[in-house]
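The next block holds one structure in the form of structure tokens; read it before the comments.
The values are calculated or read from the model by the stated rules, or taken from the named source; none is laboratory data. Everything numeric in this text was worked out from a predicted model, so none of it was measured. Glycine also receives a Cβ, built like all others from the backbone with ideal geometry; neighbour counts cover every protein chain displayed.
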Amino acid sequence: MIRHTLELRPLDWEIHRLTRMEVRLQYEDAAASDSHTVPTVEEMLGIHSTDKDLRFLRKKALEKVSDLLYRKKTGRAGEEMVAQTLQEIILPDNSYILRNVSITIRHGYRIEIDAMILSPAFALILEVKNIAGTLFFKEEEGKTIRVQNDGQTDEFDCHIHQLDRQLNGLMQYFHARGIRLPVYGAVVLANQNTRIKQRPNLHPVIYRKQLARFYRSLTESAPVLPAGKTGRLAEILTSRELQADEEPLCLQLEYPFEILRKGVLCLECNQKCEAIRGAGWRCPNCKKPGREAVRQGVEDLLILGENQITNALARDFLEIRSNSMMSILLSELDLLRTGKPPATSYRRKHAGPIRFKEDITSR
Ligand SMILES: [Zn+2]
């Protein structure tokens, strides 16, 4: 029996971006916070200082980012549990478990699939949900409602509609390529304690532990694809790169990037690192050298703040005074450079982390 697991983890990248943003929003600057309790003249006149506005926005942004991060991590944990269960299912030869599949159906129509099983006889899409509480699937209203044990009610975009959109997308994708593979789907609840009060009609909702049985119920059908072609298709479906043109998080969430904390921040304790003359960077707390912290600083600016940066912008963000030092740093990183000095600008060459050129091993 051949078992393949082709994995790409864009969710991990999402978690990385949100984690970096959370770090840059956890702002404890004694000079900036609560510097006065007596209202200033501006405040009495109703004119807020920029500083105060930024502090307010920062607080809002931190709440939002922490909430998003929590949800992504919960989702990630659910996917892990389902992946574990999938490993226990005995798949026929030439079947593949694909995770985090992202397919552009056509311009402006993109689908993201948490997990799917691709076999020579069918494709099965699994929309994984890790939600505690009681679920009501309100298909007509396009909502899934969750009631928690303490009575708190939350609304989600309808899980069934999400799955339906993926099913339609994949069918269109196959149809356009002359692939006659049947496509099935199910919402999979990772959490065994989730209760379902109102079931949907359109697509099945199953618990993780029912996956094996559900899968067996589909295996009657005859193979459609030749063995080699299934493997090729699995490769194509997972071969996409993370998008290099993704918007920086501040732009995506519509916050000015000025809310981000500046400086080179220690990767261990998030404190500001100090520049040691002729000896690079060091955290005053951990005493560790900060070469990686400087790299992360430039990456933070590009994944959170601005698509395109200049030497001056990077100096301001990392609080590095020397123009030439910044020039050297930027030239050592694997970035796309355009324009001639002093108008040189830099952007990301590809998706994922930005690395030092010397750390990139040639493949
Ligand atoms: Zn430190």
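Below, the figures for the structure above:
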quantity: Flag if Glu258 is among the charged types (D, E, K, R), assigned to a helix (DSSP H, G or I), in contact (Cβ under 8 Å) with a residue 12 or more places away in the chain and out of contact with any helix residue (DSSP H, G or I) (no Cβ under 9 Å at 6 or more places or on another chain); calculated: no
quantity: Some residue of the stretch 214-228 being crowded, with 19+ Cβ neighbours inside 10 Å, more than 26 Å from Arg110 (Cβ to Cβ) and in the same structural domain as Leu86 (by TED's automatic domain parsing); calculated: yes
quantity: Residue in the stretch 268-278 that is closer than 30 Å to Lys340 by Cα and touching an Asp or Glu at 6+ places or on another chain (Cβ under 8 Å) present; calculated: no
quantity: Search result, residues across the stretch 75-86 that are in contact (Cβ under 8 Å) with a residue 24 or more places away in the chain and surrounded by fewer than 16 Cβ atoms within 10 Å (Cβ to Cβ); calculated: Ala77
quantity: 1 or more residues touching a Gly at 6+ places or on another chain (Cβ under 6 Å) and either modelled with pLDDT of 95 or more or within 16 Å of the ligand (Cβ to nearest atom) (or both): qualifying strands (runs of 3 or more DSSP E) within the stretch 273-332; calculated: 280-282
quantity: Considering residues of the stretch 297-336 that are without any contact (Cβ under 8 Å) to a residue 12 or more places away in the chain and surrounded by 13 or more Cβ atoms within 10 Å (Cβ to Cβ) only, the residue farthest from the chain's Cα centre (by Cα); calculated: Met325
quantity: Cross-chain or 6+ apart pairs with Cβ under 7 Å, the stretch 337-350 first and on the phi < 0 side of the Ramachandran plot, then exposed (fewer than 12 other Cβ atoms within 10 Å of the Cβ); calculated: Ser345/Thr338; Ser345/Gly339; His350/Glu241
quantity: Of all residues in the stretch 244-255 being surrounded by fewer than 15 Cβ atoms within 10 Å (Cβ to Cβ) and assigned to a loop (DSSP other than H, G, I, E, B), the one that is modelled with the lowest pLDDT; calculated: Ala244
quantity: For Thr37: the one exception among (1) in contact with a helix residue (DSSP H, G or I) (Cβ under 9 Å, 6 or more places away or on another chain); (2) of a type in the set (Ser, Thr, Tyr); (3) modelled with pLDDT under 60; calculated: (1)
quantity: Given (1) under 19 Å from Arg20 (Cα atoms); (2) more than 14 Å from the ligand (Cβ to nearest atom), index of the condition Glu268 fails; calculated: (2)
